[in-house]
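Presented below is the structure to which this report refers.
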Amino acid sequence: MNECVHKTIFSCLSLLLMNAAVFPPALAAGASHFAPTISNKTKAPAAAPKGMVWIPGGEFSMGSEDPTTGTVCGGHEPMRDARPVHRTYVDGFWIDKTEVTNEQFEKFVKATGYRTIAEIAPTKEEFPTAPKENLVAGSTVFTPTARPVALQNMYQWWRYQHGANWRHPEGPKSSLNGREKYPVVQVAYPDAMAYAKWAGKRLPTEAEWEFAARGGRAGEIYSWGNDLKPVGKWMANIYEGKFPVKDTGADGFVGVAPVAQFPANRYGLYDTAGNVWEWCSDWYRADYYAQLATQNEGVVRNPQGPDSAWDPVEPKEKKRIHRGGSFLCTDQYCTRYMVGTRGKGEVTTAGNHLGFRCVQPVKLTKR
């Protein structure tokens, strides 16, 4: 893969090799780490902005138990960066019901003339050793393999595609025709920030995102409860079949789906698990929750994330938080559709499984 491939092309950096097909129904091991959510009684301060819902805020247990222990099937990754589970408080805020869609992002682009990172060719200054012919605008695209492969090398199913961007999610031959209600993808962190600012909003903090996704529930595995398929019903757009060879579409969709095709959580949010990853505003540090545990003996209030990024896998890369998982998440490789787990990505990296949603605080907070 050539040097001007974006620096990081995946969110699930630690591989999940389990091939089990059945998810046990409940989070048993260590459930006592979670205390009940205490929601604020504050009512919405006004009528909801279009396409948004009110989240009252409050105090909750943030993080995830180790899915490799007890009765929960979470693959072979212990999710250490999502512990210790800790008490967190967030103020009330408005949040988009769905991920930002192609038609919404198009309005922003038409109004501002904005060009996303994927639409701009890399420069020789950025990649001094790259051949000139490789300095072509594009982005990363998931490509199924022809046969089963070992899951240690993600470059087998990711490629840098010239001409891939938000208008052409899989490359020049793809388009947005019929995809107006699909989540916009191929957006890097600065692209998501630019849209949010134009819309009079901002990206959610990781704590806001998790509080909203949990829907007032405490310690449950998914944003809808503890069963992956309650009463045999799929609740999210994830990967079924043999990864990365064939997505069978058992949940109704092969690849990305239009927004709001699955039931909303208790707060009225759609697609907080699966479909596309969502950018949050926090820097990613693998040890951030551990730092909070040593610095705070009580409740962490309105956390804004760490002051700097650090991923031990790629310590030189500047990464922000991803949340929610995507249509590529599977128990065979990446189970980060579990509500308390965390993803991360280098800030200039986009992909055809990465989007975002916005929040609008009652009083905007400087970051």
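None of the figures in this text is laboratory data; all of them are computed from the coordinates on show. Treat the numbers as computed from the prediction; the structure is a model and nothing was measured. We place every Cβ from the backbone using ideal geometry, glycine too, and count neighbours over all the protein chains shown.
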Over the chain: helical MRE at 222 nm, DSSP H runs n ≥ 4 each giving -39500 (n - 2.57), nearest 500
-3000 deg cm²/dmol
When DSSP beta bridges are limited to those with both residues in the chain, what percentage is antiparallel, rounded to the nearest 5?
80 percent
Rounded, prolate or oblate for segment 61-177? Axes are the square roots of the Cα gyration tensor eigenvalues, ordered a ≥ b ≥ c, and the cut-off for rounded is a/c under 1.5.
oblate
With point charges of +1 on the Cβ of Lys and Arg and -1 on the Cβ of Asp and Glu, referenced to the Cα centre of the chain, which listed residue (296, 268, 215) lies farthest in the positive direction of the dipole?
268
Work out the charge dipole of the chain with +1 on the Cβ of Lys and Arg and -1 on the Cβ of Asp and Glu about the Cα centre, then indicate which of 118, 163, 178 is farthest towards its positive end.
178
Length added when fully stretched, residue 245-residue 48, from 0.36 nm per residue minus Cα-Cα:
66.6 nm
Summing +1 for each Lys or Arg and -1 for each Asp or Glu, what net charge is found among the other residues whose Cβ lies under 14 Å from the Cβ of residue 151?
0
So for segment 156-262, using the alpha carbon gyration tensor with a ≥ b ≥ c as root eigenvalues (a/c under 1.5 gives rounded; past that, a/b versus b/c decides prolate or oblate), I'd call it oblate
Please go through the residue pairs 41/110; 201/318; 107/173; 110/201 and name each one whose alpha carbons sit more than 30 Å apart in this structure.
41/110
Could you work out which residue, out of 241, 63, 163, moves most in a Gaussian network model of the chain, that is, has the largest mean-square fluctuation with Cα springs under 10 Å?
241
Between residue 233 and residue 37, what FRET efficiency follows from the Cβ-Cβ distance if R0 is 22 Å, with the result rounded to 0.05?
0.35
Work out how much length residue 145 to residue 260 would gain on full extension: take 0.36 nm times their residue separation and subtract the Cα-Cα distance, in nm to one decimal.
38.5 nm
I need the GluC sites (Glu not before Pro) found in segment 286-367, filtered to DSSP loop residues with at most 11 other beta carbons within 10 Å of theirs.
297
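Extension gain residue 135-residue 80, at 0.36 nm per residue separation less the Cα-Cα distance, in nm?
Separation in residues times 0.36 nm, less the Cα-Cα distance, equals 16.1 nm.
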Within-15-Å neighbourhood charge of residue 69 [Cβ basis; K, R +1; D, E -1]:
-1
Between rounded, prolate and oblate, where does the chain land on the alpha carbon gyration tensor, with a ≥ b ≥ c its root eigenvalues, rounded for a/c under 1.5, else prolate if a/b exceeds b/c?
rounded
Where the only charges are on Cβ atoms (+1 Lys, Arg; -1 Asp, Glu), what is the dipole of the chain about its Cα centre, to the nearest 20 debye?
820 debye
Could you size up the charge dipole of segment 45-195 around its Cα centre, putting +1 on the beta carbon of Lys and Arg and -1 on that of Asp and Glu, and report it in debye to the nearest 20?
440 debye
What ranking of 209, 234, 166 emerges when the number of other C-beta atoms within 10 Å of each C-beta is taken as an exposure proxy, fewest first?
234, 166, 209
For segment 89-136 the trypsin sites (Lys or Arg not before Pro) that pass both the DSSP coil test and the at-most-15 other-Cβ-within-10 Å test are 115, 124
Counted neighbours (other Cβ, 10 Å), sorted fewest up, put 228, 292 in the order 292, 228
